[in-house]
Amino acid sequence: MNLRLLQQSHRPRCSRLNLIPKIVPQAFKCVEYIEGNGEPGSIKKVTFGEESQFNYMKQKVEALDKENFVYIYSVIEGDALMNKLEKITYETKLEDYPDGGDPYARLLLKEEGIKAGKEKALRIFKAIEVHLLANSDAY
């Protein structure tokens, strides 16, 4: 058995969740599942960092398509809803680079009707992309 694979299989589940706070701690302080472990129906609590205008949000995993690299979640609670919205649903899809150069994927954020915070979200996803590409052997 490959030692690297063995080490990855024993890596705690929370290390994946702590990747984003590690990369952009000013934006995210903590990410944790409070129900489930990532499958559809799971609830994740996100506590924002100092630079965020929000304190926290809860996200519900709506769909996870591992074959097509699609992740759909809804913000169901928190100050991001501004006491005006019932929920906000996002769809994230990973796609190969069109030039076929790097086998790793880039994040594409597809928003439907919600434009507030788009620039900030894209900066965060770009920071994550840069980190993953620079440290591809770590994940």
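Observations on the structure shown:
- Residues of the range 60-80 satisfying the condition of being modelled with pLDDT under 90 and under 18 Å from Phe48 (Cβ atoms): Ala80
- Subset tally (residues that are within 14 Å of the chain's Cα centre (by Cα) and aliphatic (A, V, I, L, M)) for the range 66-87: 3
- Looking at Leu107, Leu122, Leu132, Leu85, just one residue is aliphatic (A, V, I, L, M), modelled with pLDDT of 70 or more and outside any helix (DSSP H, G or I), and that residue is Leu85.
Residue-by-condition table, conditions (1) surrounded by fewer than 17 Cβ atoms within 10 Å (Cβ to Cβ); (2) at pLDDT below 85; (3) not in a loop (DSSP other than H, G, I, E, B):
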site	(1), (2), (3)
Arg11	yes, yes, no
Ser15	yes, yes, yes
Ile20	no, yes, yes
Gln26	yes, no, no
Glu32	yes, no, yes
Gly38	yes, no, no
Gly41	yes, no, no
Lys44	no, no, yes
Thr47	yes, no, yes
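The values are calculated or read from the model by the stated rules, or taken from the named source; none is laboratory data. Since the model is a prediction, treat every value here as computed from it, not as a measurement. Here the Cβ is made from the backbone with ideal geometry for all residues, glycine too, and neighbour counts use every protein chain on show.
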